[in-house]
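Note sheet for the following structure.
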Ligand code: NAI
């Protein structure tokens, strides 16, 4: 696990877990590290220095999340001991009296960076693919392997909190250097020789700055005047950033950093361990690890990709429709090197679509994230077109014209004989059922829904919708394309509104229904953000436009089905009235639940209170749970009906596609972890149904699973 090679008194410790693709803080590592440190202590007098490096592509991948996911409050003492033991090894390394240098050959995230921070010098290979940082906060944790204690002592409280700890930034080497968490960037091939050269030239006491007499934390401690001005505002700023959502990790990081800065290293380190254990044994870290690590990894590794279909890589993509969505789709494809033909009704319209990429790239160049040459190369890959024949040679087509079944079928017919004979055909429709759309399309087996979210360049999810005739081959190719453009694919079976739009609809409609009941709109929006929704329902309904639910209802009625169409939903009366009586159609129209003044930020329309009332009293928890329960119950129905194919797709899709509060780990995990488990959730759903309507009645699948003692 850790090999030892000695040359002229310099030991190179190479971490290389034989049983895994990456090194992690598992039992084998802990045992190997303990033995290595013991040997270093014994042979110390014959040695001049130590290099720590890795034989893997990554330097060190971090803590063992499988173990953390099993940590329970009743094992807190045990977890504390394990954490302290791992930290003790690093502390011995750091205080051995030998200069220790980290030669960082690949990603050093979480525990990986914490190992490097315990070294006296950090050299990283000059490779922009390498990421460094402590992203624990994004999993509901804190860097408990010395990450808080050491970054505070290296950078000072303010920089450590804002630049490293609280947002868990992943930094490229150049940024890590300017932030101060690494000391040198060297050509990859010279990593070990430069590490050795540093030891050869070293002429110090091999102590960390914080172990020297008279050491003071840069920027001072909380009692120094500068920090005394900065710190009191910090918790309030943090609350504002989180919009009041109950994330425990940022608060715990803040306490560990502030308390730790006022005591000696050993005490600070114990405070950090204690804060870590309280997070690791809590429910929110489990929810977040489950979704953002295990489920995401499984989905991205191909859990829902049909097996046996050869890997596909798109070369030339035709995008039909250069509006908001088409322009974004063209950009994300060109960004990864795919040739794009962007077609609209006129060349001018197509060029307008390409101009969207120009705008995005100008911003990137301005921020130094892309070079002008890279930007020009990307733009060179997008060819605007008005003639369907320009799609010759395309092996994949993504359609994003207006939302009309007839028009969509027409544009596919136009390119039918033009593109490659086996080209994959995808529609970005957000509401039209794929199976009936396929009826008007040549080669329905090569056709499926590829539902992007707006704005395409920022939203990480793509929902793939399998129609009755979609082949496995088509699905696998679509899956590969989504991975090629570095997004996460969830796979669902056809249904009106698919999965994401159906569940999203239940949230925004619940918000509208509450307006109709006379609850103050500010209270509705606040209730949502305080339970963790990144965006509140009325603001989101304005984004998608108030006429969208009407269109879906009308289309569903015309087709004779009502699933997901909110035919009876009390929220419909509110959107109908806002559109018909007040011509308020949403953000694009400049007026919806919100006002959009040209000269200031948006604000809720005072007319809502005037026309619907604003004094109705609904308990705050009920407001919040009506939103989360509406979404969770619809998700269960999607699973029951076979629209959803997996629990992981439900959880990841609900967070990334619809903004379900990430701290609960997704809509089905929310049900699992609700107080009292599934039986508790069922009981509460029945209460909500009795008080607010049939739509909260728990579906049969949920009741069955609760009675059988199962979870999702
Ligand atoms: P948009 O109105 O911005 O763009 C549609 C474009 O299609 C226009 O530029 C129009 O000129 C072009 N077009 C019309 N007829 C055409 C033809 N015969 N050949 C080529 N181009 C033609 O609409 P948007 O928002 O980009 O939506 C496009 C599709 O994506 C719709 O099906 C919509 O439901 C779906 N969608 C929209 C989302 C959104 O947030 N706006 C999210 C996910 C899907």
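Note on the range 332-445: along the principal axes its Cα atoms extend 48, 28, 25 Å, ordered by decreasing extent. Extension gain for residue 691 to residue 84 (0.36 nm times residue separation, less C-alpha to C-alpha distance): 213.5 nm. Extension gain, residue 439 to residue 711: 0.36 nm times the residue separation minus the Cα-Cα distance gives 94.1 nm.
Which order do 626, 381, 39 fall in if you start with the one that has the fewest other Cβ atoms within 10 Å?
With the fewest neighbours first, 626, 381, 39 line up as 39, 381, 626.
Restricting to DSSP H runs of at least four residues, report the calculated mean residue ellipticity at 222 nm for the chain, -39500 (n - 2.57) per run over all residues, nearest 500 deg cm²/dmol. Taken over the chain, the calculation gives -14000 deg cm²/dmol.
Here's the picture: a label point sits 7 Å out from the Cα of residue 364 along the beta-carbon direction, and within the range 318-350 the residues with their amide nitrogen under 16 Å of it are 327-340.
Hey, what angle do you get for helix 500-516 against the long axis of the chain, alpha-carbon based, 0 to 90 degrees rounded to 10? Here the helix axis deviates by roughly 80 degrees. Model label sites at residue 201 and residue 598, defined 7 Å from Cα along the beta-carbon direction, differ in position by 6.1 nm. DSSP beta bridges fully contained in the chain are about 25 percent antiparallel. Using the reciprocal of the averaged 1/r over all distinct C-alpha pairs, how large is the Kirkwood radius of the range 1-156 in Å? In the range 1-156 this quantity evaluates to 15.9 Å. Note on residue 229 and residue 215: their simple-model spin labels are 2.8 nm apart, each label 7 Å out from Cα toward Cβ.
Taking 7 Å along the Cα-to-C-beta vector as the label spot, tell me the residue 46-residue 620 distance in nanometres, rounded to one decimal. The two pseudo-label positions are separated by 6.7 nm. If R0 equals 30 Å, the separation of the Cβ atoms of residue 559 and residue 413 corresponds to a calculated FRET efficiency of about 0.85. Sort out for me the Cα centre separation of the range 80-136 from the range 600-630, rounded to whole Å. One Cα centre to the other: 49 Å.
What is the calculated FRET efficiency for residue 129 to residue 583, with r their C-beta to C-beta distance and R₀ = 60 Å, to the nearest 0.05?
E between residue 129 and residue 583, to the nearest 0.05, is 0.70.
Using R0 = 60 Å, the C-beta based FRET efficiency linking residue 6 and residue 237 works out to 0.75. Counting neighbouring Cβ atoms within 10 Å and putting the fewest first, the residues 692, 594 line up as 692, 594.
Could you give the angle, 0 to 90 degrees to the nearest 10, between helix 472-484's Cα long axis and the longest principal axis of the Cα atoms of the chain? Relative to the chain, helix 472-484 is tipped by roughly 50 degrees. Taking other Cβ atoms within 10 Å as a rough exposure proxy, 636, 137 sort from fewest to most as 137, 636. Of all beta bridges DSSP finds with both residues in the range 316-495, what is the antiparallel percent, to the nearest 5? Bridges in the range 316-495 that DSSP calls antiparallel: roughly 15 percent.
The Kirkwood hydrodynamic radius of the range 500-708, based on inverse pair distances between different Cα atoms, is 17.4 Å. Reducing the range 345-421 and the range 1-64 to their Cα centroids gives an inter-centroid distance of 50 Å.
Round to the nearest 10 and give me the degree value, 0 to 90, for the angle of helix 191-201's Cα axis relative to the longest principal axis of the chain. The helix 191-201 is inclined about 30 degrees to the chain. Across the chain, counting alpha-carbon atoms alone, Rg and Dmax equal 27.9, 87 Å. Compared with the direct C-alpha span, the chain from residue 700 to residue 573 gains 42.9 nm at full extension, assuming 0.36 nm per residue.
No value in this document is a laboratory result; all are computed from the given coordinates. For clarity, every value in this text was computed on a predicted model and none was experimentally measured. Backbone-built Cβ (ideal geometry, glycine too); neighbour counts: all protein chains shown.
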